[in-house]
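Trainee: Can you keep this structure in mind? I'll have questions shortly.
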Amino acid sequence: MSTSELDKGAQEQAISGGITTEDRRRARDRWNVRNARAKGRGRSLNLLWLLIGPGILVMLGENDGPSMISYAQTGATYGVGFFIPFILFTFAMAFVVQEMTVRLGAATKRGHAELIYERFGRFWGFFSLADLVFLNFLTLVTEFIAVRAGLGFFGVPPALAVLGAFMLIVGVTMSQRYWTWERITLGLAVFNLVFVPVAIMAHPVGTQVVSAFLTFGPLPGGVNAAFVLLVMSNIGATVTPWMLFFQQSAVVDKGLTTADLRQGRIDTALGAVFAATAAIATILATAPLFSHHIQASSFQGAEFAQALIPFLGKTAASLFALGIFEAGIVAAATISLSSAYAFGEVTGRSHSLNSGLRDAWPFYAVVAAAAGIAAVLVLIPHAPLVFIVLIVNVIAVLAMPPAIVFLILLVNDREIMGEYANGRWSNFLGIGVTVILVLAGLIYGITTIFPHLLKL
């Protein structure tokens, strides 16, 4: 073999060696998108089908165990009233925030933690990672509590329920293919809508529902400590830091570009609509407990299902319990993945579901470790599980304003965003959401320290 042939072979090997498994798998997905776009408007639904995923998953993933229990608690405490339109308002805030993450990911091809590290330095990069991992861990514990509670209604032993959920999460992740993981998780997320038939079985009075949307009322008992806590919990059920990290990284992992922004926004809007529908349905489903004066202040997921049997029947209660299980399993999958994405981005290691196990084993190890440690904690006798469930959404609200500040700074950075940087209205809405979250946190803090102010 001649020297020139050896040189040519070395060049080809170098070229092929520079193309990773991640590149090949993502290129295959982008080829399908290109073909769908090339076939014209008649194939627009097929194009949307190929591009949806991160937005629906982030919104339905946020309808997690503690969120659905928070909505159930809201319906049992206040019935049909103020919180019905308030839920729509919170998901509108979520859409404003998540639309910016879609744009940021598509324009920069960087994950959220990676951009914080690059633009604000090593300290803030690792600080954002530590903050996210801590909050995600607390949230993951609540997701496995929801899994245990939901399956417990059907008589599944806690250890089997938690172990099965853990194996499912790790098994789907180990498919080593973003498309496969996304489609399986989307299939599970659809079951979040089982709360809708439960709400129908509750036979809500249509005029009361319409009146609530139009008047933001009534509000039985007025403004008190329980009301402030549920306001905070419901905000924390829709706008939390992990959503920023997950959706932006998923947009990058999926390979979305600025040409896909329209479909990315539709994806996020659909997710917000589906999640808000399920949330409102949960309030309507548990409103009969309020009507019959059932004290549900300390109920968990399975206890709500049991309490609904006398009023809605066993079928509705079973669907409710199934929904609580789904909420926990989908959120556990997405939240553990958000931790792995952030870890890989900040440490500079491979961080893609399209990467092989050999190339990205630390990434897959973080998913397994995050889910595994939380699962084990849930099975420890006498662990403070109820306290964790009650406090996790409140902590999420308090942690959200700094996360949004980073987000707004990044989407206004024209050096990385170019023409896709925030405009005047996007900044107005983004800053408005931040102000609302700060005020909510201040009100909660003040009323917690000085509860007598609520009686004035």
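The values are calculated or read from the model by the stated rules, or taken from the named source; none is laboratory data. For clarity, every value in this text was computed on a predicted model and none was experimentally measured. Here the Cβ is made from the backbone with ideal geometry for all residues, glycine too, and neighbour counts use every protein chain on show.
Each row is one residue, and each column tells you yes or no for (1) within 30 Å of Glu99 (Cα to Cα); (2) surrounded by 12 or more Cβ atoms within 10 Å (Cβ to Cβ); (3) at pLDDT below 75; (4) of a type in the set (A, V, I, L, M).
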{"residue": "Ile408", "(1), (2), (3), (4)": "yes, yes, no, yes"}
{"residue": "Gly418", "(1), (2), (3), (4)": "yes, no, no, no"}
{"residue": "Leu442", "(1), (2), (3), (4)": "yes, no, no, yes"}
{"residue": "Leu454", "(1), (2), (3), (4)": "no, yes, yes, yes"}
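Trainee: Let me ask you something else. With respect to the numbered conditions (1) β-branched (Val, Ile, Thr); (2) modelled with pLDDT of 90 or more; (3) surrounded by fewer than 20 Cβ atoms within 10 Å (Cβ to Cβ), which one is the sole condition not fulfilled by Ile169?
Mentor: Of (1) β-branched (Val, Ile, Thr); (2) modelled with pLDDT of 90 or more; (3) surrounded by fewer than 20 Cβ atoms within 10 Å (Cβ to Cβ), only one is false for Ile169: (3).
Trainee: Looking at this structure, is Val172 touching a residue at least 24 places away in the same chain (Cβ under 8 Å) and over 18 Å from the mean Cα position of the chain (by Cα)? Quick ask: steps written out before the conclusion?
Mentor: Numbers: touching a residue at least 24 places away in the same chain (Cβ under 8 Å): yes; over 18 Å from the mean Cα position of the chain (by Cα): no.
Against the criterion (touching a residue at least 24 places away in the same chain (Cβ under 8 Å) and over 18 Å from the mean Cα position of the chain (by Cα)), Val172 does not qualify.
Trainee: Give region 47-78 a look and list any residue that's surrounded by fewer than 24 Cβ atoms within 10 Å (Cβ to Cβ) and part of a loop (DSSP other than H, G, I, E, B), or say none.
Mentor: Ile52
Trainee: Let me ask something additional. Would region 424-435 turn up any residue that is touching a Phe, Trp or Tyr at 6+ places or on another chain (Cβ under 9 Å), at pLDDT 80 or above and assigned to a helix (DSSP H, G or I)? Working first, answer last.
Mentor: Taking region 424-435 and keeping what is touching a Phe, Trp or Tyr at 6+ places or on another chain (Cβ under 9 Å), we get none.
Within region 424-435, none of the residues are touching a Phe, Trp or Tyr at 6+ places or on another chain (Cβ under 9 Å), at pLDDT 80 or above and assigned to a helix (DSSP H, G or I).
Trainee: List the residue pairs whose Cβ atoms are under 9 Å apart, where the first residue sits in region 322-349 and is closer than 11 Å to Ala189 by Cα and buried (at least 24 other Cβ atoms within 10 Å of the Cβ), the second is among the β-branched types (Val, Ile, Thr) and modelled with pLDDT under 90, and the two are 6 or more positions apart or on different chains.
Mentor: The qualifying pairs are Ala327/Ile69; Gly328/Thr142; Gly328/Ile145; Ala331/Thr139; Ala331/Thr142.
Trainee: Identify all residues within region 209-243 that are among the polar types (S, T, N, Q), within 14 Å of Leu437 (Cα to Cα) and part of a helix (DSSP H, G or I); write none if there are none.
Mentor: Going through region 209-243, the residues among the polar types (S, T, N, Q) turn out to be 211, 215, 224, 233-234, 238, 240.
Next, only the ones that are within 14 Å of Leu437 (Cα to Cα) stay: 233-234, 238, 240.
Scanning region 209-243 gives Ser233, Asn234.
Trainee: Determine which single condition Gly217 fails, assuming it passes every other condition in (1) surrounded by fewer than 16 Cβ atoms within 10 Å (Cβ to Cβ); (2) without any contact (Cβ under 8 Å) to a residue 24 or more places away in the chain.
Mentor: Exception for Gly217: condition (2).
Trainee: Follow-up. Look through region 229-255, keep the residues that are of a type in the set (A, V, I, L, M) and modelled with pLDDT of 90 or more, and return whichever of them is nearest to the chain's Cα centre (by Cα). Show your work before the answer.
Mentor: Our first condition is that a residue be of a type in the set (A, V, I, L, M); within region 229-255, this holds for 229-232, 235, 237, 239, 243-244, 250-252.
Now restrict to residues that are modelled with pLDDT of 90 or more: 243-244, 250-252.
Details: Met243: 5, Leu244: 9, Ala250: 12, Val251: 14, Val252: 17 Å.
Applying the filter and picking the extreme gives Met243.
Trainee: While we're here: Consider only pairs whose beta carbons are under 7 Å apart and that are at least six residues apart or on different chains; among these, list those whose first residue lies in region 302-313 and is touching a residue at least 60 places away in the same chain (Cβ under 8 Å) and surrounded by fewer than 19 Cβ atoms within 10 Å (Cβ to Cβ) and whose second residue is in a helix (DSSP H, G or I) and small (Gly, Ala, Ser).
Mentor: Listed by first residue and then by second, the contacts come to Gln306/Ala317.
Trainee: All but one of (1) surrounded by fewer than 23 Cβ atoms within 10 Å (Cβ to Cβ); (2) in contact with a Phe, Trp or Tyr (Cβ under 8 Å, 6 or more places away or on another chain) hold for Ile84; which doesn't?
Mentor: (1)
Trainee: Output the residues belonging to region 212-227 that are at pLDDT 80 or above and among the aliphatic types (A, V, I, L, M).
Mentor: Result: Ala212, Leu214.
Trainee: Still on this model: Need pairs with beta-carbon distance below 7 Å; first residue touching a residue at least 24 places away in the same chain (Cβ under 8 Å) and within region 78-101, second assigned to a helix (DSSP H, G or I) and of a type in the set (Lys, Arg); sequence gap 6+ or separate chains.
Mentor: Listed by first residue and then by second, the contacts come to Glu99/Arg265.
Trainee: Separate question: Test Leu385 against the criterion of being surrounded by 14 or more Cβ atoms within 10 Å (Cβ to Cβ) and either of a type in the set (Gly, Ala, Ser) or modelled with pLDDT of 85 or more (or both), and give yes or no. Break it down into steps so the answer makes sense when it comes.
Mentor: Values: surrounded by 14 or more Cβ atoms within 10 Å (Cβ to Cβ): yes; either of a type in the set (Gly, Ala, Ser) or modelled with pLDDT of 85 or more (or both): no.
When the stated conditions are applied, Leu385 does not pass them.
Trainee: Hey, which of the helices (runs of 4 or more DSSP H) in region 259-376, taking only ones fully inside, have at least 1 residues that are closer than 30 Å to Asp23 by Cα? Spell out the reasoning first.
Mentor: Details: elements: 261-291, 301-312, 314-347.
Output list reads 261-291, 314-347.
Trainee: Hey, another quick one. Looking at Val223, Val251, Val162, which one is in contact (Cβ under 8 Å) with a residue 12 or more places away in the chain, crowded, with 18+ Cβ neighbours inside 10 Å and either in contact with a His (Cβ under 9 Å, 6 or more places away or on another chain) or more than 23 Å from Phe406 (Cα to Cα) (or both)? Let's see the steps before the verdict.
Mentor: Numbers: Val223 fails: crowded, with 18+ Cβ neighbours inside 10 Å; Val251 fails: either in contact with a His (Cβ under 9 Å, 6 or more places away or on another chain) or more than 23 Å from Phe406 (Cα to Cα) (or both).
After applying the criteria, what remains is Val162.
Trainee: Phe154 versus (1) over 23 Å from Val366 (Cβ atoms); (2) part of a helix (DSSP H, G or I): which is the lone unmet condition?
Mentor: Failing condition for Phe154: (2).
Condition check ((1) in a helix (DSSP H, G or I); (2) among the polar types (S, T, N, Q); (3) closer than 19 Å to Ala302 by Cβ) across all residues:
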{"residue": "Ala113", "(1), (2), (3)": "yes, no, no"}
{"residue": "Ala130", "(1), (2), (3)": "yes, no, no"}
{"residue": "Thr142", "(1), (2), (3)": "yes, yes, yes"}
{"residue": "Ala146", "(1), (2), (3)": "yes, no, yes"}
{"residue": "Trp181", "(1), (2), (3)": "yes, no, no"}
{"residue": "Val194", "(1), (2), (3)": "yes, no, yes"}
{"residue": "Ile200", "(1), (2), (3)": "yes, no, no"}
{"residue": "Thr207", "(1), (2), (3)": "yes, yes, no"}
